[in-house]
Structures are given as structure tokens and as C-alpha cells.
Amino acid sequence: MNANADRIAQAESHFGVRFPADYRHFLATEGSMSRFVPPADDFLMINSIAELIDVNEAGEFQEYFPGSVVIGGDGSREMLVYDFRQTPPPLVLLDVSAQDWSSAIHQALSLSALLEQFPETGWKWDESAGHPVTSPGDR
């Protein structure tokens, strides 16, 4: 196993999840990103594997949002989060001040889908732009 694969496995073990294949591939090949994406001109940041645990512990997201893993955001207040309460885990947007999952705004069903649609759509800011986020009790 190479160093990146070791770090990915350590992060998965830390969070008790298996990251989706496309996210694992992104981490192993691209590593991270932080830039304005034209033509939408929204800022998209995806953290490196080295930052992943620290970012999640700094925001105490695991305590407020069990089953969440923050992987990036808009470079400001919005966090891009995997919702591992669902299989496969969708990507949602949560403000740093969010109190519960009801504030989550669906972005995409996978990282590949997000990266494909992001140049055109940018961030989705309301539920009419995506799927409603449900908690396990809602099913």
C-alpha cells in the first residue's frame, strides 16, 4: 500500500466508514482542490486526506451530526458533508452553525456527480434544487 492508501485507510478506520470508490480515487489521484469553478464561479474546496480528521474534529461535526464526514466546502461557512446515515452516502451542504440534519441541502449522490454538475450549477442553496435529506427515522 502506498502512503496515500494508508492515510485513506486510517481515515476510514477513524470514522468507521468505507469511503465511496470515486472519493477514494479522487484522494489517491487529485488529493485536494481549492478554486473557483467557472462558469458557475462558485468556490469549491475538497480537503486533502491529511486534513480530514482535523477538519472534522475542529467543528465537532461527529457530535452534532453522527454519520457525517466533512470533506470540503465553499471556503467559508458551508461544509460539504457525506451523510453516511444513508447508503450510498449522498453529499450535502451544512452551514457551520447548523443545529441538526434538517438544515442539510442535498448536493449530489456522489463526488463524481458533484464534480460533473458543479461547473454549471455551482452550489445548490435550497431543496427544490435537489433531493430532500431524510434521517433514518423518516424512512
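Looking at region 9-20 only, could you name the residues that are within 18 Å of Val81 (Cβ to Cβ) and either assigned to a strand (DSSP E or B) or free of Cβ contacts under 8 Å to residues at least 60 places away in the same chain (or both)?
The answer is Ala11, Glu12, His14, Gly16, Arg18.
Restricting the search to region 95-119, which residues are surrounded by fewer than 14 Cβ atoms within 10 Å (Cβ to Cβ) and at pLDDT 95 or above?
Correct list: Glu116 only.
Quick one: Gly31 ticks every box in (1) on the phi > 0 side of the Ramachandran plot; (2) among the small types (Gly, Ala, Ser); (3) touching a strand residue (DSSP E or B) at 6+ places or on another chain (Cβ under 8 Å) bar one, so which box is it?
Of the numbered conditions (1) on the phi > 0 side of the Ramachandran plot; (2) among the small types (Gly, Ala, Ser); (3) touching a strand residue (DSSP E or B) at 6+ places or on another chain (Cβ under 8 Å), the odd one out for Gly31 is (3).
Inspect all residues belonging to region 26-46 and state whether any of them is surrounded by fewer than 16 Cβ atoms within 10 Å (Cβ to Cβ), over 25 Å from Arg7 (Cβ atoms), hydrophobic (A, V, I, L, M, F, W, C) and in contact with a His (Cβ under 9 Å, 6 or more places away or on another chain).
no
What about Ser97, is it in contact (Cβ under 8 Å) with a residue 60 or more places away in the chain, more than 17 Å from Ser34 (Cβ to Cβ) and either hydrophobic (A, V, I, L, M, F, W, C) or out of contact with any strand residue (DSSP E or B) (no Cβ under 6 Å at 6 or more places or on another chain) (or both)?
no
Okay, residues lined up against (1) modelled with pLDDT of 95 or more; (2) farther than 23 Å from Trp125 by Cα; (3) surrounded by fewer than 16 Cβ atoms within 10 Å (Cβ to Cβ); (4) touching a Lys or Arg at 6+ places or on another chain (Cβ under 8 Å):
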position	(1), (2), (3), (4)
Asp6	no, yes, yes, no
Val55	no, no, no, no
Gly67	no, no, no, yes
Tyr82	yes, no, no, no
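Applying the selection to region 26-68, what residues are among the hydroxyl-bearing types (Ser, Thr, Tyr), more than 23 Å from Ala98 (Cβ to Cβ) and over 13 Å from the mean Cα position of the chain (by Cα)?
The one that is among the hydroxyl-bearing types (Ser, Thr, Tyr), more than 23 Å from Ala98 (Cβ to Cβ) and over 13 Å from the mean Cα position of the chain (by Cα): Thr29.
The values are calculated or read from the model by the stated rules, or taken from the named source; none is laboratory data. Values in this document were obtained by computation on a predicted structure and should not be read as measured data. Glycine gets a Cβ as well: all are built from the backbone with ideal geometry, and neighbour counts include every protein chain shown.
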